[in-house]
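First the structure, in the form of structure tokens, and then the observations on it.
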Amino acid sequence: MTDPCFPGIAETAHSHWLARHPAVITLTHEELAGPAYGGTSRARRAALSRLLTATGRPREFAALPAPHPGHPHLRIGHATRHFGPQHERLLRDHPHLKARSR
């Protein structure tokens, strides 16, 4: 939720407190994607390490499988090509988002 070009980001700005809450682990698709989908191995390892440590399972890292290949729709940046003004309107008009922004 930090990409200023992502459609609907302005409508979800009020939820950024989650990224700073001490009981919340922030993981992004870009971190988890890995090299097969436009990310890096280093970022994936770091994100998975944070997640496993937070869940009390830091030693289980080696047992995690690599991302399954063959899903081009998971590439970093893929979704932004498919979002448009109609999606931004849906986010802007979403009742849960509207209620919090008042």
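Residue by residue through region 64-84, note down the ones that are in contact with a Lys or Arg (Cβ under 9 Å, 6 or more places away or on another chain) and of a type in the set (A, V, I, L, M). A66 - this is the single residue of region 64-84 that is in contact with a Lys or Arg (Cβ under 9 Å, 6 or more places away or on another chain) and of a type in the set (A, V, I, L, M). Only a single criterion out of (1) more than 16 Å from H29 (Cα to Cα); (2) modelled with pLDDT under 80; (3) within 19 Å of the chain's Cα centre (by Cα); (4) not basic (K, R) is not satisfied by P72, namely (1).
Considering (1) at pLDDT below 75; (2) over 12 Å from the mean Cα position of the chain (by Cα), say which one P35 fails and leave the rest. P35 satisfies all of (1) at pLDDT below 75; (2) over 12 Å from the mean Cα position of the chain (by Cα) except (1).
Reported count of residues in region 75-93, each being at pLDDT 75 or above, charged (D, E, K, R) and either surrounded by fewer than 10 Cβ atoms within 10 Å (Cβ to Cβ) or closer than 18 Å to E30 by Cβ (or both), is 1.
Taking P67, is it surrounded by 13 or more Cβ atoms within 10 Å (Cβ to Cβ) and either among the β-branched types (V, I, T) or in a loop (DSSP other than H, G, I, E, B) (or both)?
Numbers: surrounded by 13 or more Cβ atoms within 10 Å (Cβ to Cβ): yes; either among the β-branched types (V, I, T) or in a loop (DSSP other than H, G, I, E, B) (or both): yes.
Taking the combined requirement at face value, the residue satisfies it.
Restricting to region 46-57, name every residue that is farther than 16 Å from L27 by Cα and either in a helix (DSSP H, G or I) or open to solvent by 80 Å² or more (accessible area, probe 1.4 Å) (or both). I'd like the intermediate steps shown before the answer.
From region 46-57, those farther than 16 Å from L27 by Cα are 56-57; that's our starting set.
Selection gives R57 alone.
For region 56-64, the count of residues that are hydrophobic (A, V, I, L, M, F, W, C) and modelled with pLDDT of 75 or more is zero.
Given the structure, is I9 at pLDDT 80 or above and within 25 Å of H94 (Cβ to Cβ)? Break it down into steps so the answer makes sense when it comes.
Working: at pLDDT 80 or above: no; within 25 Å of H94 (Cβ to Cβ): yes.
Spelling it out, it is not the case that I9 is at pLDDT 80 or above and within 25 Å of H94 (Cβ to Cβ).
What residue, of A23, A43, is of a type in the set (G, A, S), assigned to a helix (DSSP H, G or I) and modelled with pLDDT of 75 or more? Before the answer, list the steps.
Numbers: A23 fails: assigned to a helix (DSSP H, G or I).
A43 is the lone residue from the list that is of a type in the set (G, A, S), assigned to a helix (DSSP H, G or I) and modelled with pLDDT of 75 or more.
The values are calculated or read from the model by the stated rules, or taken from the named source; none is laboratory data. Bear in mind that the values here come from a model prediction, so they are computed numbers and not experimental data. So basically every Cβ, Gly included, is an ideal-geometry build from the backbone, and we count neighbours across all protein chains shown. Just so you know, the surface numbers come from the protein's heavy atoms only, side chains and all, with ligands and any DNA or RNA stripped out. Shrake-Rupley method; radii C 1.70, N 1.55, O 1.52, S 1.80 Å.
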